[in-house]
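Read through the structure below, which is laid out as structure tokens, and then see the notes.
The values are calculated or read from the model by the stated rules, or taken from the named source; none is laboratory data. What you are looking at is a predicted structure, and each value in this text was computed from that prediction instead of being measured. Because the Cβ atoms are built from the backbone with ideal geometry, glycine has one as well, and the counts that use them run over all protein chains shown. We work out accessible area using only protein heavy atoms, side chains counted, and drop any ligands, DNA or RNA first. Shrake-Rupley method; radii C 1.70, N 1.55, O 1.52, S 1.80 Å.
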Amino acid sequence: MTIPEHLANKDLDAAAILSPLTELPARARVVIVGGGIIGSSVAYHLTRAGERDVVLLERGRLTNGTTWHAAGLVSQVRGTHALTQLTKDNAATYERLTVETGVETGMRRNGAMTIARTPGRLQEAMYGVAMAKDVGVEVEVLGRDEIKGYWPAANVDDLYGAVNFPTDGTVNPGDAALAFAKGAVDLGVRYVPDTAVTGFTMTEGRVTGLETGRGVIEAETVVLAAGLWTSELARLAGVSVALYPAEHVWVMTEEGEGPREEAPFLRDLDGYLYIRHYRGRYVIGAFEPKGKPKPVHEITTEGFAEFGPDWDHFAPVLTAARERIPELETIGFSHYLRAPESFTPDSNFQLGYVPEVPGLFVAAGFNSQGIIYGPGAGRAAAEWIVEGHPTMDLVEVDVARTGRWANQRAFLHERTVESLGGLYEMHWPGKQPVTARGVRRVPLYAQLREAGAEMGQAAGWERANWFEPGTVDPEVTHSFTDPSWFGPLAEEVRATREGVALYDLTTYSKFLVQGPEALAGMQRLCASNVDVPVGRIVYTLLCNERGGIEMDPTVTRLGEDRFLVLAPTLAQRHTEMLLRNGLPPGATVTDVTSGWATLHLAGPRSRELLGRLTDEDLSNEGFPFLTSREIEAGRAKVWAYRVSFTGELGWELSVPTEFVADLYEYVVAADAELGLRHAGAFAFDAARIERGFRSWGHDIGPLDDPYQSGLGFAVHLKKDADFVGREALAARREAPRERRLVSVHVPDGVLWHGESLVRGDERRGHLTSAGIAPTLGGSAGIAWVHGEVEPDGWGVEIRGEVVPAVIGETSFYDPKGDRLRS
């Protein structure tokens, strides 16, 4: 190869190429803060999307934040289909930039190899193989001899195999950012270095510009692409962006005999390291399990920050590297790079408009993967800004997924210890974080643990995942085929189907909408008719103007001008944004999530158990499905909602949090011979998947319309009130279905989600939700399928093996009696 390699380049001559401005412009439609790989990519892609009134601000010099010290790894496949859509074209983009701009990005397609020290790691890697096939990225599964052929210097005796992506490779990070910036400047973007942002200008809650050390610049949209400083900048606008700095390390050896220019870079995830070639040397990078967070005030703002060597901290990774490459026992080192990067609590980056402040967009927190995501994230951000909405599935990286509470510095500091190494940890299904736990606790936290709960974390909440009665904090073992919770989960689903189960649903997002314009506002937002009798529950959809599903809450009419909106736990911030932005001034929105606790009784004997606590008529006639009322149960006044996401007879019982402990004690005491079983989130999800119920953010989202999603019943085109998306939905109702959401049953196999759906040689879709199906046997899932739903010939690719599957446009489990339609 003749392409030069450049790492840790502090001498990038951006000024000679970009013709930087010496004075701050008065205004621009879009101002981007941060001249690294992300900010430069956003600027470039804005021009390609037709927006050229753009200013790119940089506090120092281009790439002097974190891009300059990136290792330059380029991978086209990520852990989910949505993330892979953002990365599958990154290498091609870097190659195209060289041709377009004349700046050599250094893209070298020498490949990327992930080796497996354990059977579990190889199983995990096989998910990436299926993903690559789905998107057309070349991939190969290797044995030891083949690994040795690529890496003669490596010890392969302990390996179970490897996966190689031959068209992945490496790029020169600084040059790549410079190429993006030059492509942007060539089409009119103005580049202004040496300009520090000190604040925001705001009008009626909307960002209207930036205050800088060189004056004020007006803007309609401000993009924060400032890497690890983004969270602190966002605080100046009064908003939350959850990310935090940590030390990130790579070391460079002296020249050696083993490094091969043509070898793929090597990921030894079980050793928490990667190894790449660089000018006849090895570069060894670490994603160690106990990272070192770095408070932002300890990091210089002068650029090109380094912290000096810490060989003691690097020692375990170096030991693992020497096990893999014995030559490292004798070779010397020429450079120890320890510099800052930013990490997020869930290891996904932060992208999108901040819900609370119109005009403020974020693209940051890339968890040391900015080079991998830079091209796709820049394009996604630019198209979102220009079009006014996402053009691809971005729910899992949307900044709105993270609650406002999550930018708390002590929480972030503690979680970042785990986040850094979490990228290379085994990604076992159901694996829970171990750091920064206990921040948000359901009111019954102690009681549920005493009842045998294994607590998990969702949106910061500690909630029960499953129960092992008689055990406190059950021991957890992970597996792709038989984790320790499969037995308890099956018992909990069985109780839900045949007896009665008790779930704690307190974490669900709850909003009270009230006021003289509450009805008109809700009718405007909801695709269903919510002008129903008081006490009626309506499953509905909040759609966008294009007919996509922004949320699928239940709405309960509590009074003539009062409604309760119930949405998923993980969608609290997003749902609040939809309500506050979409309702008229005469409708107030109150987040009551933390004020109300909810116990859920589900199963054919739930009526009998609840009947022991109340004198209310709970019969079908006295308390119909999808109705609610305030009742007395035990010693509490309870809002009882006859509904269940499990597909069974059930009631959700909501009380102010101070009453829930007493209500819980009454529910447990009323059990007697009914066989009440505590049940957790895993069983709840398994029951809803068997029943075919959709989950927003997993199965459906802003790009999916109700008709292809099997939710057309929730759209009332003939209701008197106009509503958001009505025109688009009317058109979509009659349009041909290019894809549709279906139920999947695999009688023999364990599904988790993300698996590929195949028919013969055709790759036809993938699962968005899945898990074991105790009622049906085997596993069940929900999947998007492209084209028609033929009656037979289907299979699901599970870790390299295609197993027979049955698919249908209706669910495979449909109990008699009470249910939501699916």
For the chain: Kirkwood Rh in Å [reciprocal of mean 1/r, alpha carbons] | 28.0 Å
What accessible area per residue, rounded to a whole number of Å², is obtained for the chain using a probe radius of 1.4 Å?
-> 36 Å²
Here, GluC sites (Glu not before Pro) of the stretch 183-239 satisfying both criteria (DSSP loop; at most 16 other Cβ within 10 Å) are GLU204
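Direction-averaged shadow area of the convex hull around the Cα atoms of the stretch 690-775, nm²?
Working: hull surface 29.1 nm².
Over all viewing directions, the stretch 690-775 projects a mean Cα-hull area of 7.3 nm².
Assuming 0.36 nm per residue, please report the length gained on full extension of the stretch GLU104 to THR391 beyond their Cα-Cα distance. Intermediate values should be presented prior to the final figure.
Working: separation 287, 0.36 × 287 = 103.32 nm, distance 2.96 nm.
Using 0.36 nm per residue and subtracting the Cα-Cα distance, I get 100.4 nm.
Taking Cα pairs under 8 Å and at least six residues apart, what relative contact order does the stretch 291-356 come out at, in percent?
On the way: 24 pairs, mean separation 25.7, N = 66.
Reported as a whole number, the value is 39 percent.
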At THR330 and ASP761, where each label point lies 7 Å from the Cα along Cα→Cβ, what is the point-to-point distance in nanometres?
-> 5.1 nm
From largest accessible area down, sort TYR336, TYR666; use a 1.4 Å probe on the protein chains.
-> TYR666, TYR336
Helical mean residue ellipticity (222 nm; -39500 (n - 2.57) per DSSP H run of 4+; nearest 500) of the chain | -7500 deg cm²/dmol
Give the accessible area for ARG463 in Å² (nearest 10); use a 1.4 Å probe, count only protein heavy atoms, and leave out ligands, DNA and RNA.
-> 70 Å²
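In the structure displayed, which of LYS510/LYS718; LYS10/LYS182; LYS88/LYS290; LYS292/LYS431 lie more than 24 Å apart, Cα to Cα?
LYS510/LYS718; LYS88/LYS290
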Derived scalar couplings ³J(HN,Hα) [the stretch 532-542; Karplus, 6.51 cos²θ - 1.76 cosθ + 1.60; whole Hz; x for Gly, Pro] | 10, x, 4, x, 7, 9, 10, 7, 9, 10, 9
Could you order LYS290, LYS637 so the one with the most accessible surface comes first? Probe is 1.4 Å.
-> LYS290, LYS637
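What is the sum of charges, Lys and Arg at +1 and Asp and Glu at -1, for the other residues whose Cβ falls under 10 Å from the Cβ of GLU468?
On the way: positive: none; negative: GLU454, ASP473, GLU475, GLU491.
Taking every Cβ under 10 Å from that of GLU468, the sum is -4.
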Surrounding charge for PHE265, neighbours by C-beta under 10 angstrom, Lys/Arg +1, Asp/Glu -1, total +2
Once both label points are put 7 Å beyond Cα along the C-beta direction, the SER594-ALA196 separation in nm becomes 3.4 nm
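Relative contact order for the chain: what is it in percent, counting Cα pairs under 8 Å that are at least 6 residues apart?
On the way: 2019 pairs, mean separation 91.5, N = 822.
Result for the chain is 11 percent.
Give me the net charge of VAL33's neighbourhood, meaning all other residues with Cβ under 10 Å from the Cβ of VAL33; Lys, Arg count +1, Asp, Glu -1.
Here the charged neighbours net out to 0.
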Roughly what angle does helix 173-186 make with the longest principal axis of the chain, taking Cα atoms, 0 to 90 degrees, to the nearest 10?
-> 80 degrees
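Assign one of three labels to the stretch 413-459, namely rounded, prolate or oblate, based on the Cα gyration tensor with a ≥ b ≥ c the square roots of its eigenvalues; rounded applies when a/c is under 1.5, prolate when it is not and a/b is larger than b/c, and oblate otherwise.
Numbers: a/c = 3.37, a/b = 1.76, b/c = 1.92.
Here the stretch 413-459 falls in the oblate category.
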Compare the Cα positions of ALA234, GLN457, HIS600 along the charge dipole of the chain (+1 at Cβ of Lys, Arg; -1 at Cβ of Asp, Glu; about the Cα centre) and return the one farthest towards the positive end.
-> ALA234
Heads up, I need the accessible area for VAL592: 1.4 angstrom probe, whole protein in place, Å², nearest 10.
-> 30 Å²
With label points built 7 Å along Cα→Cβ from the Cα atoms of LYS10 and ARG48, find their separation and express it in nm.
-> 3.3 nm
In the stretch 243-333, the GluC sites (Glu not before Pro) that fall in loop regions by DSSP, at most 10 other Cβ within 10 Å | GLU257, GLU262, GLU302
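Keeping every protein chain in place, order ARG190, ARG401 by accessible area at 1.4 Å, biggest value first, i.e. largest first.
On the way: ARG190 70, ARG401 45 Å².
From most accessible down to least: ARG190, ARG401.
Using only C-alpha atoms and all pairs of different ones, pull out the Kirkwood radius for the stretch 469-517 in Å with one decimal. Could the numbers behind the result be given before it?
Numbers: mean 1/r = 0.0693 Å⁻¹.
With all distinct Cα pairs of the stretch 469-517 included, I get 14.4 Å.
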Rounded to the nearest 10 Å², what accessible area does MET392 show when all protein chains are kept and the probe is 1.4 Å?
-> 30 Å²
